[in-house]
Amino acid sequence: MIKISNLNHRYMKSNGKGVITLEDINLNIEKGSFVSIIGHNGSGKSTFAKHLNGLIVPQSGKIEVDGIQIKNDDNIWKIRNMVGMVFQNPDNQFIGGTIEEDIAFGLENIGVPGNEMEDRIQDAALKVGMEEYLKRPPHKLSGGQKQRSAIGAVLAMQPEYIVLDEPTSMLDPKGRQEVIEVLRKRNKEDKITIILITHYMDEVVYSDKVVVMDKGRIVISGQPKEVFKQKEMLLKIGLELPKAALLQDHLKKIGVELGDCLLTKEELVRKIWELY
Amino acid sequence: MGIILDKISYKYDIEDKELSSFGIFDISLQVESGKAIGIIGHTGSGKSTLMQHLNALLLPQKGQIKIDDYIINNKSKNLKDIRKKVGMVFQYPEDQLFEETVFKDIAFGPKNIGLKEQEIEAAVKRAMADLELDYEEYKDRSPYELSGGQKRKVAIATVIAMDPDVLVLDEPTAGLDPKSKKDLLALLFKIKETRKLTVFFVSHNMDDIYLFSEYIYVMSQGKIVMEGSGLEVFSKTTELRELGLGVPFSVEVLEDLKKQGLYRGEIKAIDLKELAEVIFNLLGDKND
Amino acid sequence: MIKDITIGQYIYKDSLVHRLDPRTKIIVSMLFMIGIFFIKDYYEYIYVLALTAISIYLSKIPVAKILKGLKPILPLIVLTIIMNAFFTSGEVIFQFLFFKLTIEGLALAAFMSTRIIFLIIFTSLLTLTTSPINLTHGIEGLLNPLKKLKVPAHEIAMMMSIALRFIPTLIDETDKIMKAQKARGADFESGNIIKKTKSLIPVLIPLFISAFTRADELAMAMEARGYRGDEGRTRFREQRLQLNDYLILLFFLVLTIFVGIRSVVF
């Protein structure tokens, strides 16, 4: 479990003014769960993400990953091994000249013996469906493929948690779908904890927990259905509702009550079928 | 007046067939001035290549393009006139900002096309007003210290300030958060109305395409494979899916309802409000 | 135009040359460079041609790809030809002011430009058949003995491999920014050299800014994946010289020494 308590962060602007980016964050991330963090650009979600593997060390407050506190000490390398991270821009996290070299990069860093690497690379590539592209250089891959191999590179390091900072925001719909499918599958089959930062609402409806951030604070947190019930709040802070929920709203206005908050097209159709 | 593409082709000089974009082939189309045209197709279908022909960033190897009185073919010179006429907003346009101040950056285009000092100032002011950027507040600020959404607006203003007749928007909202996305699209199409622009709108978001385009072209492998109004194009769901494209939400819902035997009408793209009414009638029918 | 640059354009094939240890290929390239300077007679290029042709054949790299790599250095070849043809004393065929075209000059021009062409072709085989990472591993391997002298071999290698990895990305980016500025009416073609240079500012500034952003994000991504320099690092595909490597090294070494001695003795 990742345990975050009373986390604060501020940074100094060039004019000497302090800007608060995170304020009093308290959150528990259960092992094996799929947690989504949403918020508009500048809500602090990205800064928060970088705290989870010690890329930013807490200024005040505490983060514990499976009982190890994130501090500026040697444990930080252990933590980075436990908490993998995938970033937004697929190009700027591809270090190797080919996919296999890129996956190998992380393994080299953590001192995996050379003769074990081949197997781990194969295994990781298979898990993200990139096994046929191992010899390809990054500029011959689509955005979705690049992000999938970035996930593969992290998986090869066998972390317990993967934090993804808007991994789909630069992808086309096909690439987005590929990435989300890979994440859901890894979460289900390998019980890897996924912490997904996004602003696509349809990507979060399958999560176990949704955390909504605004101005550096957690404003709502809970199961998707609970979170998307608070429509006014979400709209006020510049977020959207999933389309199914929006449609449900329109139906409500003309007198069709569909009950609980609906998040997906499938739920919606099933509900209509029940009413029919 | 309008835009006529007459059998244009452009092939990239690349042996590597795996590269996704390898050109466009024999494309003809005709667009009336003042229309909003949606362009859809998966990544590598030739959309970007086609769009770059509209302001002569690429010259057609075969065929010709006529925009009002201008003709673009493989021998075209004096491209500045055409660049002034057709504005092009690339993906992530903020990547092209380079001046010290917002004013200077927006003035870059007008200056290049030879406007006089006073005209430049007027053009910058008007473009900033169109993008809802306060002139006094922003003109002396560095574009680099703005937020993502504001940067994007400045970058679009740099194109609008050249006062084009035709505007090409290539995924203008990519990477923005939902609210900024919605606001920016609404703003852009407001500008289209007030400036009476012809707009080519490239997007992967089928709901946006349906909402904002009057006519849609679907591209695949460098060719136009389908065209028509939003209603027409989005009724061909099987074909669209074969091309790896999505459909608007309403189409998906109606399709599913039909599969369940709940809906017997025509599958078409409509907005959420209309969709709600269809469902309302559906549920009402059974009570009769 | 910028897309013609062959450096860093690794082409994956399964060939004997590809499988050689990068250190072997680097040393062979260096020996070739030394050896070709010992060649004094034109007809001896037949042997060089044979050697180069066999190497290309074994590498399975299409000849067209290799010839394409010559395009960017064409100006250099032309310059060599002009310099040698006009500034060598000898029997004058044609004179214009103080430029004298001589028979000796023409012969020398042909000789020198052939040398450059062979040099480029042979050394481009190195980058065409060795992935950037392998190439840098090779350099690192060769520099390794210097680590005791505090030469940062690993850091140099890492910097080079990242630079090579980003060449295609930066080329694409330059292309994109140039197009965007052209669309805003920028003109890169007309005017004198000062105006042309100035017109590149709107391309260079965005390019630099994005390069810094990239560097920043890349550094973060590397750190997130546990990179902390050479410390405790293992190697993917540890390089070990095979029999092939030894044979080829020996062949080129003997050949170079032979050509060297011969040119000194005779």
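Scanning the range C:206-237 for residues being more than 7 Å from every other protein chain (Cβ to nearest Cβ) and either out of contact with any helix residue (DSSP H, G or I) (no Cβ under 9 Å at 6 or more places or on another chain) or of a type in the set (Val, Ile, Thr) (or both) gives a total of 6.
Yes/no per residue for (1) outside the structural domain of A:Asn28 (by TED's automatic domain parsing); (2) buried (at least 20 other Cβ atoms within 10 Å of the Cβ); (3) in contact with a strand residue (DSSP E or B) (Cβ under 6 Å, 6 or more places away or on another chain):
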site: A:Val57; (1), (2), (3): no, no, no
site: A:Gly67; (1), (2), (3): no, no, no
site: A:Gly84; (1), (2), (3): no, yes, yes
site: A:Phe87; (1), (2), (3): no, yes, yes
site: A:Gly97; (1), (2), (3): no, yes, no
site: A:Gly111; (1), (2), (3): no, no, no
site: A:Gly144; (1), (2), (3): no, yes, no
site: A:Gln147; (1), (2), (3): no, yes, no
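Selection of the range B:209-226 for residues being farther than 9 Å from B:Gly41 by Cβ, among the aromatic types (Phe, Trp, Tyr) and surrounded by 22 or more Cβ atoms within 10 Å (Cβ to Cβ) yields only B:Tyr210. Condition test on A:Gly175, is it farther than 17 Å from A:Asn81 by Cα and out of contact with any strand residue (DSSP E or B) (no Cβ under 7 Å at 6 or more places or on another chain)? Against the criterion (farther than 17 Å from A:Asn81 by Cα and out of contact with any strand residue (DSSP E or B) (no Cβ under 7 Å at 6 or more places or on another chain)), A:Gly175 qualifies.
Quick grid of which residues meet (1) among the hydroxyl-bearing types (Ser, Thr, Tyr); (2) at pLDDT below 95; (3) on the phi > 0 side of the Ramachandran plot:
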| site | (1), (2), (3) |
| --- | --- |
| B:Leu185 | no, no, no |
| B:Phe189 | no, no, no |
| B:Lys192 | no, no, no |
| B:Phe201 | no, no, no |
| B:Gln221 | no, yes, yes |
| B:Ser229 | yes, yes, no |
| B:Ser235 | yes, yes, no |
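Selection of the range C:23-52 for residues being among the small types (Gly, Ala, Ser) and over 14 Å from C:Leu126 (Cα atoms) yields C:Gly35, C:Ala50. For the range A:96-111, the criterion of being of a type outside the set (Lys, Arg) and over 24 Å from C:Ile162 (Cβ atoms) is satisfied by no residue at all. Here C:Asp14 meets the list (1) modelled with pLDDT under 90; (2) of a type in the set (Asp, Glu); (3) buried (at least 16 other Cβ atoms within 10 Å of the Cβ) almost entirely, failing just condition (3). Determine, yes or no, whether A:Lys31 is in a loop (DSSP other than H, G, I, E, B), touching a residue at least 24 places away in the same chain (Cβ under 8 Å) and surrounded by fewer than 17 Cβ atoms within 10 Å (Cβ to Cβ). Yes; evaluated as a whole, the condition is true for this residue.
For the range C:195-205, indicate whether the set of residues that are over 26 Å from A:Asn89 (Cα atoms) and either buried (at least 16 other Cβ atoms within 10 Å of the Cβ) or in contact with a strand residue (DSSP E or B) (Cβ under 6 Å, 6 or more places away or on another chain) (or both) is non-empty. Yes, the range C:195-205 contains at least one residue that is over 26 Å from A:Asn89 (Cα atoms) and either buried (at least 16 other Cβ atoms within 10 Å of the Cβ) or in contact with a strand residue (DSSP E or B) (Cβ under 6 Å, 6 or more places away or on another chain) (or both).
Sub-8 Å Cβ pairs linking a first residue in the range A:112-138 that is within 13 Å of chain C (Cβ to nearest Cβ) to a second residue that is outside any helix (DSSP H, G or I) and charged (D, E, K, R), at least 6 apart or interchain, are A:Gly114/C:Arg235; A:Gly114/C:Arg237; A:Gly114/C:Glu238; A:Met117/C:Arg237, ordered by first then second residue. No other residue among A:Gly106, A:Gly144 is within 9 Å of chain C (Cβ to nearest Cβ) and either assigned to a helix (DSSP H, G or I) or at pLDDT 95 or above (or both) apart from A:Gly106. Pairs needed: first member in the range C:56-84, assigned by TED's automatic domain parsing to the domain that holds C:Asp14; second member anywhere, assigned to a loop (DSSP other than H, G, I, E, B) and crowded, with 17+ Cβ neighbours inside 10 Å; C-beta distance under 7 Å; at least 6 residues apart or different chains. From residues that are assigned by TED's automatic domain parsing to the domain that holds C:Asp14, the pairs are C:Ile61/C:Ile11; C:Lys65/C:Ile11; C:Lys68/C:Thr6; C:Gly69/C:Thr6.
The rows are residues; the columns are (1) in contact with a Leu (Cβ under 8 Å, 6 or more places away or on another chain); (2) under 14 Å from B:Ile160 (Cβ atoms); (3) of a type outside the set (Phe, Trp, Tyr).
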{"position": "B:Val86", "(1), (2), (3)": "yes, yes, yes"}
{"position": "B:Val89", "(1), (2), (3)": "yes, yes, yes"}
{"position": "B:Glu99", "(1), (2), (3)": "no, no, yes"}
{"position": "B:Asp105", "(1), (2), (3)": "yes, yes, yes"}
{"position": "B:Gly109", "(1), (2), (3)": "no, yes, yes"}
{"position": "B:Asn112", "(1), (2), (3)": "no, no, yes"}
{"position": "B:Ala123", "(1), (2), (3)": "yes, yes, yes"}
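Scanning the range A:82-103 for residues that are within 10 Å of chain C (Cβ to nearest Cβ) and within 18 Å of A:Lys3 (Cβ to Cβ) gives a single hit, A:Val83. Among the residues of the range B:55-81, those identified as within 10 Å of chain C (Cβ to nearest Cβ) and surrounded by 18 or more Cβ atoms within 10 Å (Cβ to Cβ) are B:Asn55, B:Ala56, B:Leu57, B:Leu58, B:Leu79.
When the criteria are applied in full, B:Glu193 meets the requirement of being over 15 Å from B:Val247 (Cα atoms) and either without any contact (Cβ under 8 Å) to a residue 40 or more places away in the chain or more than 14 Å from chain A (Cβ to nearest Cβ) (or both). Scanning the range B:181-230 for residues that are out of contact with any strand residue (DSSP E or B) (no Cβ under 8 Å at 6 or more places or on another chain), among the small types (Gly, Ala, Ser) and in a helix (DSSP H, G or I) gives a single hit, B:Ala186.
The values are calculated or read from the model by the stated rules, or taken from the named source; none is laboratory data. From a predicted model like this one, the values you see are computed outputs, not experimental measurements. We place every Cβ from the backbone using ideal geometry, glycine too, and count neighbours over all the protein chains shown.
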